[in-house]
């Protein structure tokens, strides 16, 4: 069972990388700041370094703050991860940017409640997770809007070749965004593996081993290197035609919000933050520039993720419980 948990968690991290690679490289590719393969390779390297540079506060929140530790069994952990994997595969196939963070939270809640009832939910930890998940998208929209307004003001009257400057700056912001993504999202895989180790009795306290950090960082980096092309097309072109100035401002806004959340221990959705920052940057230039119908599709997916994955996890947990 423990072996199955570790493998499933690493698969989740790998799919998270595929799923979320679009968030990091879509704007750089669409604005032609970087060739696709170069963009994916650079971001994969930066993502693998993120967890080592910015601590493990998010992993601790996921692993200790959400569910009563006494309710965490290997079956609950496995059911949660399998539900999150299923949702990632469904939304990836449909080309809909959705939240791996929401999927994992929904999976943990569904499996734990099915195992022990509603009393296992730790209200303080749940509120911290929900606030981080639901406040970060409007914050990304606002920060993207404000940074774009500032850049437009500073670049007023600049010659057209200023776009080349923004292309070069996008390389820096893409690496910064990848570092913040690795710091936040790889930690969710770490939290799951460490939960499994504690539930199986291998660890007596929730302390994340170095090999777990390294394996989680490598799994998400490998997924990013392969890229989620369906989602890259959605974020890179369907919202509006992205130019280098949009890529630079949205990446700067996203990196600031995601890295801030990682340092505070709040698990946020990279997909939501980046999508919102792209919309904010476009709206700052012209409200009609953004295809708000695409935003509506994303909102529906975001709203469904936690309840759907909770139900999937609850259903998956039942046969796991019988087997155990």
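Within region 76-107, the residues that satisfy the criterion of being buried (at least 24 other Cβ atoms within 10 Å of the Cβ) and either outside any helix (DSSP H, G or I) or in contact with a strand residue (DSSP E or B) (Cβ under 7 Å, 6 or more places away or on another chain) (or both) are 97, 98, 99.
Annotation note: of 192, 208, the sole residue that is surrounded by 17 or more Cβ atoms within 10 Å (Cβ to Cβ), in contact with a helix residue (DSSP H, G or I) (Cβ under 9 Å, 6 or more places away or on another chain) and either modelled with pLDDT under 80 or assigned to a loop (DSSP other than H, G, I, E, B) (or both) is 208.
Got at least one residue in region 9-28 being in contact (Cβ under 8 Å) with a residue 12 or more places away in the chain and outside any helix (DSSP H, G or I)? No, every residue in region 9-28 fails to be in contact (Cβ under 8 Å) with a residue 12 or more places away in the chain and outside any helix (DSSP H, G or I).
What about residue 300, is it in a helix (DSSP H, G or I) and surrounded by 15 or more Cβ atoms within 10 Å (Cβ to Cβ)? It is false that residue 300 is in a helix (DSSP H, G or I) and surrounded by 15 or more Cβ atoms within 10 Å (Cβ to Cβ).
The values are calculated or read from the model by the stated rules, or taken from the named source; none is laboratory data. What you are looking at is a predicted structure, and each value in this text was computed from that prediction instead of being measured. As a convention, Cβ positions derive from the backbone with ideal geometry for all residues, glycine included, and neighbour counts pool all protein chains shown.
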